[in-house]
Amino acid sequence: MAERTKFILDEADMPARWYNIVPDLPEPPPPPLHPGTREPIGPDDLAPLFPQALIAQEVTTERYVDIPEEVLDVYRLWRPSPLFRARRLEKALGTPARIYYKYEGVSPVGSHKPNTAVPQAFYNAAEGVTRLTTETGAGQWGSALAFACATFGLECEVWQVRASYDQKPYRKLMMETFGATVHPSPSELTESGRAILAADPGSTGSLGIAISEAVEQAAQAENTRYALGSVLNHVLLHQTIIGEEALKQFELAGDTPDVLVGCTGGGSNFGGLAFPFLREKLAGRMDPVIRAVEPAACPTLTRGKYAYDFGDTAGLTPLLKMHTLGHDFIPDPIHAGGLRYHGMSPLISHIYELGLIEALAIGQEDCFAAGVRFARTEGIIPAPEPTHALAACIQEALRCKETGEEKVILTALCGHAHLDLPAYGAYLAGDISDHALPDEALERSLAGLP
């Protein structure tokens with residue numbers, strides 16, 4: 001009998017609860033602070049931006065949160081997502097390691113982002129909100145929120161980082177097809193955008209700037225709230241359906257991961273896969289090494305400072321204790337647009353500080369090489385973001401080839417690159433180069449920490 005390549009759960013086996021890792025941690029994460037008083041923020045401080053249900057999830061100490069039936073109903077369009085054994089990649093590498101990847105590219109927009117966009121749109125609509133604003137980098141999040149807003153009858157307005165807006169026109173078209181309005185950021189439509197353009201008319205933008213614009217718009221309109229695609233606790237909570245499914249799929253495979261690898265920008269895809277496995281590790285039921293991989297051009301965990309900082313450039317958000325490169329940081333316009341955020345999820349930053357996960361940074365040339373290798377063996381062209389995890393995954397598999405260890409490696413393939421092919425075109429033409437972040441640029445941006 002042929003060996004299995006994919007492990008698929010029935011819809012009836014889809015998890016009905018999200019997992020909150022906070023109660024299982026050795027110590028709780030530091031609270032967000034009010035930017036004015038520097039005191040811990042309360043639910044009322046978040047009310048102009050988020051509906052009450054999401055605020056409750058942001059601060060919950062419950063271990064599990066039930067997924068509403070209306071959300072499960074939309075999830076069934078693509079969930080449960082498949083777990084693949086990368087047999088052809090293993091063979092090409094000549095490794096004794098067993099490589100698995102949890103593939104989120106089967107969603108309507110081709111990434112993991114709808115796992116949180118759908119519940120965010122649902123909870124906002126349930127509380128009478130009629131319009132959502134947001135930022136997006138590569139456009140995966142903007143596309144996901146546009147899809148979710150169309151599903152629940154909400155207007156959607158997106159500020160897309162100018163570098164990605166110019167690089168990825170098809171993402172804008174996808175958002176508009178789902179009914180969203182898309183602006184390049186920085187824009188002339190907001191006070192924060194105009195201030196940035198006055199100082200730097202040619203600004204390529206950043207996620208921090210786009211967040212400032214979207215938050216400013218949401219705070220000024222009664223019927224409007226803001227939606228964030230990563231970083232915050234409730235976003236990572238929603239993504240844990242990935243890891244919960246993967247645990248069930250590993251039971252089907254009769255295997256247990258020794259190493260878990262995920263790419264990190266704001267942290268939602270990584271946390272979504274890793275947190276349920278970290279729960280099992282903390283309970284002593286398994287012991288995987290958990291490794292976060294980020295771009296060398298935007299190395300928040302490996303070179304950032306663990307400090308309170310704003311989530312946006314204009315300083316409109318609460319202060320978050322996180323690994324940060326400084327809210328003024330403008331990353332190089334590398335092709336992994338979704339990994340170009342100045343900060344890291346406070347929850348992942350805290351877990352890293354506790355020594356529960358590892359982190360490394362990789363340049364984009366090695367990442368695209370890994371993406372091409374994966375495409376030519378497994379048949380899926382990975383989005384630029386997960387090529388970081390694939391590069392680290394291949395490094396680990398080649399180490400196993402040297403040592404003879406039969407390690408089980410699990411990685412998060414959070415999306416495909418069908419709308420990111422120009423980035424691969426640039427790589428294949430030899431036009432991709434690595435951007436290492438110079439020390440002086442990092443010192444400059446960290447000097448502006450509040």
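Every condition in (1) part of a strand (DSSP E or B); (2) open to solvent by 40 Å² or more (accessible area, probe 1.4 Å); (3) not hydroxyl-bearing (Ser, Thr, Tyr) holds for ALA12 except the one numbered (1). Looking only at the range 430-450, residues that are open to solvent by 70 Å² or more (accessible area, probe 1.4 Å) and either closer than 25 Å to ALA314 by Cβ or hydrophobic (A, V, I, L, M, F, W, C) (or both) come to 5 in all.
With respect to GLY229, is the statement that it is touching a residue at least 24 places away in the same chain (Cβ under 8 Å), more than 18 Å from PHE329 (Cβ to Cβ), assigned to a loop (DSSP other than H, G, I, E, B) and within 19 Å of the chain's Cα centre (by Cα) true?
Values: touching a residue at least 24 places away in the same chain (Cβ under 8 Å): yes; more than 18 Å from PHE329 (Cβ to Cβ): yes; assigned to a loop (DSSP other than H, G, I, E, B): yes; within 19 Å of the chain's Cα centre (by Cα): yes.
Against the criterion (touching a residue at least 24 places away in the same chain (Cβ under 8 Å), more than 18 Å from PHE329 (Cβ to Cβ), assigned to a loop (DSSP other than H, G, I, E, B) and within 19 Å of the chain's Cα centre (by Cα)), GLY229 qualifies.
Checking each residue of the range 204-220 against the condition of being within 21 Å of ALA383 (Cα to Cα), in a helix (DSSP H, G or I) and open to solvent by 10 Å² or more (accessible area, probe 1.4 Å) gives at least one match. Among residues of the range 21-65 being part of a helix (DSSP H, G or I) and hydrophobic (A, V, I, L, M, F, W, C), the one that is most open to solvent (accessible area, probe 1.4 Å) is VAL59.
The strands (runs of 3 or more DSSP E) found entirely in the range 237-340 that carry 1 or more residues being surrounded by fewer than 20 Cβ atoms within 10 Å (Cβ to Cβ), of a type in the set (Lys, Arg) and touching a residue at least 60 places away in the same chain (Cβ under 8 Å) are 305-310, 319-324.
Restricting the first member to the range 15-42 and to residues that are among the hydroxyl-bearing types (Ser, Thr, Tyr), and the second to residues that are open to solvent by less than 50 Å² (accessible area, probe 1.4 Å) and assigned to a loop (DSSP other than H, G, I, E, B), the beta-carbon pairs closer than 7 Å and six or more apart or on different chains are TYR19/THR240. Within the range 366-381, the set of residues being crowded, with 24+ Cβ neighbours inside 10 Å and either touching a strand residue (DSSP E or B) at 6+ places or on another chain (Cβ under 6 Å) or among the aliphatic types (A, V, I, L, M) (or both) comprises GLY371, PHE374.
The values are calculated or read from the model by the stated rules, or taken from the named source; none is laboratory data. These figures come from a predicted structure and were not determined experimentally. Using ideal geometry, Cβ is built from the backbone for each residue, glycine included, and neighbour counts are taken over all protein chains shown. To get the accessible areas, we keep the full protein, side chains included, count just its heavy atoms, and leave off ligands, DNA and RNA. Shrake-Rupley method; radii C 1.70, N 1.55, O 1.52, S 1.80 Å.
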